[in-house]
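Chemist: Mind looking over this structure? Questions follow.
The values are calculated or read from the model by the stated rules, or taken from the named source; none is laboratory data. Values in this document were obtained by computation on a predicted structure and should not be read as measured data. So basically every Cβ, Gly included, is an ideal-geometry build from the backbone, and we count neighbours across all protein chains shown. Quick note on the areas: whole protein, heavy atoms, side chains included, nothing else; ligands and nucleic acids left out. Shrake-Rupley method; radii C 1.70, N 1.55, O 1.52, S 1.80 Å.
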Amino acid sequence: MSETSVKPKAGGCPHFPAFDPLHPEQISNPHPILAAARAEQPVFYMDKYDLWVVTRRDDVMSIYKDMVTFSNGGAHQPLSPKTQAVIDRVGEQWKLPVDNNINVLDPPHHMTPKRVLVTVFQKALVGMDDWIVSRLNQLVDSFVADGEADLVSAFTWPLTVSVLSRLIGVPREDTHRFKEWAENWFELTGSNQLPPERAEACWMGFVDFEAFVFDLIEDRRKNPQHDLISRLVEAQGGGAPISDRQIVTNMIGLVAAGTDTTANSIGQMVYMLLSNPEQLREVRENPAFRPQMIEELLRLRGPVRGLIRTTTRMVELGGVAIPEGARVYVHIGSASRDETVFDDPHRFDIHRPNIHKHMAFGALSRLCLGAPLARLEMRKALDVLLDRLPDLRLAPDQGPLHYTQSLIVPSLKGLRVLWSPPASDTRPQVGL
């Protein structure tokens, strides 16, 4: 056996000690160790995080098919406790505003608010294509003459924050904290190793975020606009079964899921293409390959590493008995590289025939609400970058990618790129 081999715990509980999702090297690249786990011990227990890890696609799909046994109820629970300063501000009983979010409700309760949100969300997306392209060009206009940039801070985050701001109906001057709030979400629910001062800042951010959305609802009730909050308030008036609290928790979830994840995906897409010249050439020369390339990128480097579920009964998965009340780390990143499904799974292959089997956006009734928007932003971002920066390349000092600390969504910290500045760029500025 390899040095990663299983060392069973007394009593027969299987372990895989080589895997530590918050170890710095594995935050950067967990996949070699996950491949060993899929081969040697695909379901195992981590004492350090009190989590059962599931790594193979078939087992992950079994979880998605049995949402009664694998409950979403504890999906977004904080891993770092409130500090005294937070308790002094909001009280011991104040909880993270994630209750009634569709991602923590179990069947059949999640479907009623999800239907409302899907209907309203689809209406809000009408006309966003042109607006996104205009916003992308405006962002490129702001740095094109420089010949270099950190695409994370200059392009991917400003795009996703402004898109969600427009959808929800947040004035541009109030969006500056969206990045911070999104990162708070994934750090607080994705790491038990935050320094106390960082955990406190995350908790305080959520207190502010909750108040911000409640105030926005009240404003839209008095002054309706053509945005998502206004449409949800209007739906309430028409009898839709969604409360103010549900609007708040789902808008908070939408900001987290629709900013950080898509910003990461665009950054990863650019990094992978610039690191693979042949695939870059193909998508430059034949735009018809771009949607397929995006799906392969999502399979290979999807922004969501894993999700947390809680068992409601003792259950056997992958030949392992998992006890009732166990927290299960469903590693969808590992499932999307399962060798039994994808040939040569670590290879970036934009012509992969079964790419639709990736799990980057979940599965079945838990498919991501924002998947169409994420794909749209990725596609338009790629089109604009290839058009405006034809010789885009990685900066010599870029090196390996670095991420924030999270079991759920490690956030990409930066992506340094270079290009030849145009002699002149007379594209008109677009007011947004």
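Chemist: State the number of residues belonging to the range 330-370 that are among the small types (G, A, S) and over 19 Å from P32 (Cβ atoms).
Modeler: 5
Chemist: Among the residues of the range 241-292, how many are of a type in the set (V, I, T), over 16 Å from F348 (Cα atoms) and either assigned to a helix (DSSP H, G or I) or in contact with a Gly (Cβ under 9 Å, 6 or more places away or on another chain) (or both)?
Modeler: 8
Chemist: I've got another one for you. State which residue is surrounded by the most Cβ atoms within 10 Å (Cβ to Cβ) when the search covers only the range 30-49 and only residues that are assigned to a loop (DSSP other than H, G, I, E, B) and free of Cβ contacts under 8 Å to residues at least 60 places away in the same chain.
Modeler: Once the filter is applied, the top-ranked residue is Q41.
Chemist: Output the residue which, of all residues in the range 367-398 that are under 24 Å from the mean Cα position of the chain (by Cα) and charged (D, E, K, R), is least open to solvent (accessible area, probe 1.4 Å).
Modeler: Looking at the filtered set, the residue picked out is E377.
Chemist: Another one. Condition (residue is touching a residue at least 24 places away in the same chain (Cβ under 8 Å), among the polar types (S, T, N, Q) and open to solvent by 30 Å² or more (accessible area, probe 1.4 Å)) applied to the range 318-334: is it met by at least one residue? Step through it out loud before you land on a result.
Modeler: Applying the first criterion (touching a residue at least 24 places away in the same chain (Cβ under 8 Å)) to the range 318-334 yields 318-320, 322, 326-334.
If we keep only those that are among the polar types (S, T, N, Q) as well, we get 334.
Remaining after also requiring open to solvent by 30 Å² or more (accessible area, probe 1.4 Å): none.
Scanning the range 318-334, I find no residue that is touching a residue at least 24 places away in the same chain (Cβ under 8 Å), among the polar types (S, T, N, Q) and open to solvent by 30 Å² or more (accessible area, probe 1.4 Å), so the answer is no.
Chemist: In addition: So, in the range 57-80, of the ones that are modelled with pLDDT of 90 or more and touching a helix residue (DSSP H, G or I) at 6+ places or on another chain (Cβ under 6 Å), which residue ends up most open to solvent (accessible area, probe 1.4 Å)?
Modeler: That would be R57.
Chemist: A follow-up question, please. Examine the range 389-398 for a residue that is at pLDDT 95 or above and outside any loop (DSSP other than H, G, I, E, B), and state whether such a residue exists.
Modeler: Yes, the range 389-398 has at least one match.
Chemist: Any residue that is over 30 Å from Q138 (Cβ atoms), open to solvent by less than 20 Å² (accessible area, probe 1.4 Å) and not in a loop (DSSP other than H, G, I, E, B) - is there at least one of those in the range 347-366?
Modeler: Yes, the range 347-366 has at least one match.
Chemist: With the checklist (1) over 23 Å from Y271 (Cα atoms); (2) touching a Ser or Thr at 6+ places or on another chain (Cβ under 9 Å); (3) surrounded by 20 or more Cβ atoms within 10 Å (Cβ to Cβ); (4) at pLDDT 80 or above in hand, flag the one item T189 doesn't pass.
Modeler: If we test T189 against (1) over 23 Å from Y271 (Cα atoms); (2) touching a Ser or Thr at 6+ places or on another chain (Cβ under 9 Å); (3) surrounded by 20 or more Cβ atoms within 10 Å (Cβ to Cβ); (4) at pLDDT 80 or above, just (4) comes out false.
Chemist: Right, here's the next one. Where the second residue is in a helix (DSSP H, G or I) and the first is of a type in the set (G, A, S) and lies in the range 192-219, which pairs have Cβ atoms under 8 Å and are six or more apart or on separate chains?
Modeler: Cβ pairs passing all conditions: A199/L188; A201/N184; G205/E180; G205/W181; G205/N184.
Chemist: Only one of P287, P196 is modelled with pLDDT under 90, open to solvent by 30 Å² or more (accessible area, probe 1.4 Å) and over 19 Å from the mean Cα position of the chain (by Cα). Can you tell me which?
Modeler: From the options P287, P196, the qualifying one is P196.
Chemist: Among residues belonging to the range 110-140 that are more than 30 Å from L392 (Cα to Cα) and β-branched (V, I, T), point out the one that is most open to solvent (accessible area, probe 1.4 Å).
Modeler: V126
Chemist: Restricting attention to the range 208-227, which residues are of a type outside the set (K, R), buried (at least 17 other Cβ atoms within 10 Å of the Cβ) and either at pLDDT 90 or above or closer than 14 Å to T249 by Cα (or both)?
Modeler: Within the range 208-227, F209, E210, F212, V213, L216, I217 meet the criteria.
Chemist: Out of the range 296-311, which residues are open to solvent by 30 Å² or more (accessible area, probe 1.4 Å) and over 22 Å from K48 (Cα atoms)?
Modeler: R301
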